[in-house]
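The values are calculated or read from the model by the stated rules, or taken from the named source; none is laboratory data. It should be emphasised that the depicted structure is a prediction, and the values quoted were computed from it without experimental measurement. FYI the Cβ positions are ideal-geometry reconstructions off the backbone, even for glycines, and counts take in every protein chain you see.
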Amino acid sequence: MPMMKNVKSARKALVSKAARKGKAVVSKGGAPIKASRASAPLTVSRPELLVQGSDRAFRSLVHGLFGFFARHEAIRSGHGARIGLVGIEYTVLISIGHLTVHEGDVSVNRIAEHLYLSGAFVTTVTNKLLQRGLIHKTPDPNDRRRVRLEISEKGWARLAELAPVQRQVNDVQFDCLSASEFKQLSDMMERLIDSSNRALRLQAYFADGAGDAAPDGTGSQSQPKLDLQ
């Protein structure tokens, strides 16, 4: 009996170890041995992201981020709906306004860079805002290939109409943060966007059938441009 217990313990340890590495374990007859729920494959391997060898806290964080961003997207859509726009139209409109105030001339490429979107997608959205009379597009006198974006009086009126409710909703959404926590979160968000860009490039590399080993210099390429509705 002691020998049988030792064999079972060794077998269980082997299954657990293989599961953490994402590998299948087979018996003498060649049939796969199923890993228990307690030994599901790890989704991360960096020690900084593991707690006592478990990725449970990481999974909780990822699912928490999903919950937060789903709610943030609903709030953004609500802001847009209040002034007759869909979420991305509202985001581009208010970005043009704020960048104009703080930077002066604003172009399609600057909005694309600011929102991590493709220039083609921003062009499509700004054309819709132009048709609604919410912005103006004028050629840059110094570069005829460049188009300057400006919010129209009608556009500013829409943003002014939204602002009183927008401030209250945004204050409540982020009322859990202190001033120092707000600064820390802002810094972390920039770094997470950068690391997520590198993760997207790595995922695309694997999707191209390049094996399962990461290439050198994964983070050296330009950031992916996304088209978000």
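For this structure, a couple of remarks:
- Filtering the stretch 197-229 to residues that are out of contact with any helix residue (DSSP H, G or I) (no Cβ under 8 Å at 6 or more places or on another chain), at pLDDT 75 or above and either in a loop (DSSP other than H, G, I, E, B) or more than 21 Å from residue 119 (Cβ to Cβ) (or both) leaves 199, 203, 206, 207, 208, 209.
- Considering the stretch 54-75, and only residues there that are in a helix (DSSP H, G or I) and over 15 Å from the mean Cα position of the chain (by Cα), the residue that is farthest from residue 166 (Cα to Cα) turns out to be 56.
- Given (1) loosely packed, with under 12 Cβ neighbours inside 10 Å; (2) touching a Pro at 6+ places or on another chain (Cβ under 8 Å); (3) charged (D, E, K, R), index of the condition residue 146 fails: (1)
- The stretch 159-211: number of residues that are touching a residue at least 24 places away in the same chain (Cβ under 8 Å) and acidic (Asp, Glu): 2
- Residue in the stretch 62-78 that is over 23 Å from residue 174 (Cα atoms) and at pLDDT 95 or above present: no
- Cβ separations smaller than 6 Å between residues 6+ apart or across chains give the following pairs from the stretch 33-47 residues that are closer than 19 Å to residue 57 by Cα and in a loop (DSSP other than H, G, I, E, B) to residues that are at pLDDT below 90 and not hydroxyl-bearing (Ser, Thr, Tyr): 41/19; 41/22; 42/20.
- Scanning the stretch 131-189 for residues that are under 20 Å from residue 69 (Cβ atoms) and among the acidic types (Asp, Glu) turns up 171, 175, 181, 187.
- Number of the condition not met by residue 158 [criteria: (1) out of contact with any Ser or Thr (no Cβ under 9 Å at 6 or more places or on another chain); (2) surrounded by 14 or more Cβ atoms within 10 Å (Cβ to Cβ); (3) among the charged types (D, E, K, R); (4) at pLDDT below 95]: (4)
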